[in-house]
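Notes for the one structure printed next.
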Amino acid sequence: MIFSITFAIRASNNMLITTVPLIAKYYFHFSVFLVGLVSSITSIFSFLSSIFINSKLSVTSRNKMMKISSILYAITFPLFYLVNPLLVWLFTAIAGFSMGIIFPNIITFAGSIGDQRSKERMISLYTTSLSLSLIVGPGIESLILSRFSLTQAFLFFSAFSLLVPIVSFQINFDNERSGNKSKNLVTKNILKSPAFLTSLFNNMMYDIPFGMIETFGGIYAISLFHASYSLSTLLFTLYFLTSFISRGLFTFRPANNILRIIFLNVGITIIGLFLASIAYNIYMYIFSLLILGIPHGLTYPSSLILLSRNFKDEGERSIANSYFSGILIGLAGVIPIIMGYSVEEIGLRYSFSMLAIVSIILFFLMLREYKKIKISIKEN
């Protein structure tokens with residue numbers, strides 16, 4: 001269930017996120033500003049529903065909301081075939097709202113199965129499915145677009161969106177045990193807790209460089225090494241391939257010592273960013289992306305496992321996952337804007353170098369919070 005619903009929601013979600021800007025630009029002739037704005041609508045509404053709605057829900061309400069959001073997503077997705085300059089805003093908002101409910105609840109469900117080792121395997125399986133969908137989904141869409149239009153592609157990918165509610169009706173959450181504390185008090189304690197901040201800083205340590213790679217990785221290859229559009233797209237497949245392999249290994253052999261994984265991630269990230277910034281040919285750049293795919297694969301599951309180990313209570317873990325997902329979604333909408341300004345001011349190469357410094361700063365912030373918490377590095 002975890003693998004199926006994660007693959008379906010991420011494959012269709014990624015297709016929506018990458019295709020809507022093309023429709024806005026080439027079908028509706030939106031300005032660059034409006035293309036960027038409509039692209040950010042999904043992240044904005046995902047942020048709002050995850051932070052302000054899902055985090056406040058009781059376990060009973062969360063079960064219902066998960067199913068309602070899944071149905072809403074499945075109904076909205078094929079309607080993009082009928083999209084126009086006005087409806088595109090409405091449909092992307094509804095899809096984003098639904099995803100803000102669905103994603104954190106999948107994480108919570110994955111982290112509630114079996115003993116601690118089983119939970120960590122399920123979390124790793126969730127992230128592995130994310131990576132696989134990012135390899136397979138674009139390949140499928142590429143084949144579809146060779147014969148059909150951008151809007152018609154949504155009809156094909158509706159098979160994935162339909163699978164989401166089918167699986168969601170098989171998912172139920174256990175009764176949460178949050179004692180007599182109010183939701184507001186629990187939320188406040190979670191957001192200030194070193195356990196939550198450790199996971200957040202750990203993920204931001206790579207999430208910010210990932211935003212740069214996702215937005216400007218292809219442009220870097222085309223501008224500096226005169227790569228074709230086809231090759232620049234293929235580079236992302238190679239990048240996500242090493243990410244998928246890393247997460248697959250994490251699934252079959254969960255790490256007892258998370259701190260060791262974190263040290264490995266930051267080291268590989270700095271090396272990869274440095275190689276990308278000094279790459280003098282396309283082969284060196286490809287090698288840097290293959291290296292950077294490794295921390296992309298390991299950072300997210302290690303962050304989720306930190307949350308799982310430190311928030312044992314079902315209700316608290318759900319709130320933590322909602323805020324964690326919401327903040328990351330919010331960052332996803334902001335990072336491309338910041339990186340665009342950086343590239344404009346200091347260029348592509350120096351922007352990659354600057355990100356290595358940002359990763360180091362976030363690493364020390366994460367380490368400071370990590371030292372404040374007493375977590376079991378090894379399973380009991």
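The values are calculated or read from the model by the stated rules, or taken from the named source; none is laboratory data. Everything quoted here is computed from the prediction, not taken from an experiment. Note that each Cβ is placed from the backbone with ideal geometry, even for glycine, and that neighbours are counted across all protein chains shown. The protein model used for the area step is the full one, side chains on, heavy atoms only, and it has no ligands, DNA or RNA in it. Shrake-Rupley method; radii C 1.70, N 1.55, O 1.52, S 1.80 Å.
Structure above, values below:
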| read-out | value |
| --- | --- |
| Residues within the stretch 119-166 that are open to solvent by less than 40 Å² (accessible area, probe 1.4 Å) and in a loop (DSSP other than H, G, I, E, B), tallied | 1 |
| Test: residue in the stretch 229-239 that is at pLDDT below 90, open to solvent by less than 30 Å² (accessible area, probe 1.4 Å) and within 29 Å of VAL59 (Cβ to Cβ) | no |
| Cβ-Cβ under 8 Å pairs, at least 6 apart or on other chains, the stretch 45-73 side in contact (Cβ under 8 Å) with a residue 60 or more places away in the chain and within 19 Å of LEU328 (Cβ to Cβ), far side charged (D, E, K, R) and crowded, with 20+ Cβ neighbours inside 10 Å | ASN54/ARG62 |
| Selection within the stretch 88-113 - over 27 Å from VAL35 (Cβ atoms) and either of a type outside the set (A, V, I, L, M) or surrounded by fewer than 21 Cβ atoms within 10 Å (Cβ to Cβ) (or both) | PRO104, ASN105, THR108, PHE109, GLY111, SER112, ILE113 |
| Every residue from the stretch 342-354 that is open to solvent by 20 Å² or more (accessible area, probe 1.4 Å) and in contact with a helix residue (DSSP H, G or I) (Cβ under 9 Å, 6 or more places away or on another chain) | VAL343, GLU345, ILE346, LEU348, ARG349, TYR350, SER353, MET354 |
| Selection status of GLN116, of a type in the set (S, T, N, Q), under 20 Å from ARG247 (Cβ atoms) and either open to solvent by less than 10 Å² (accessible area, probe 1.4 Å) or not assigned by the TED database to the domain that holds ILE319 (or both) | yes |
| Residue in the stretch 235-271 that is farthest from ILE135 (Cα to Cα), counting only those that are part of a helix (DSSP H, G or I) and charged (D, E, K, R) | ARG260 |
| Residues being under 16 Å from ALA93 (Cβ atoms), of a type outside the set (A, V, I, L, M) and surrounded by fewer than 23 Cβ atoms within 10 Å (Cβ to Cβ) - total across the stretch 48-81 | 2 |
| Given (1) at pLDDT below 90; (2) of a type outside the set (D, E, K, R); (3) surrounded by fewer than 22 Cβ atoms within 10 Å (Cβ to Cβ); (4) within 17 Å of MET366 (Cβ to Cβ), index of the condition ILE268 fails | (1) |
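For every residue, the table says whether it meets (1) in the same structural domain as PRO209 (by the TED database); (2) in a helix (DSSP H, G or I); (3) over 24 Å from SER223 (Cβ atoms); (4) open to solvent by 30 Å² or more (accessible area, probe 1.4 Å).
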position	(1), (2), (3), (4)
LEU273	yes, yes, no, no
LEU290	yes, yes, no, yes
GLY297	yes, yes, yes, no
TYR300	yes, yes, yes, yes
SER308	yes, yes, yes, no
ALA320	yes, yes, yes, no
GLY340	yes, yes, no, no
ILE357	yes, yes, no, yes
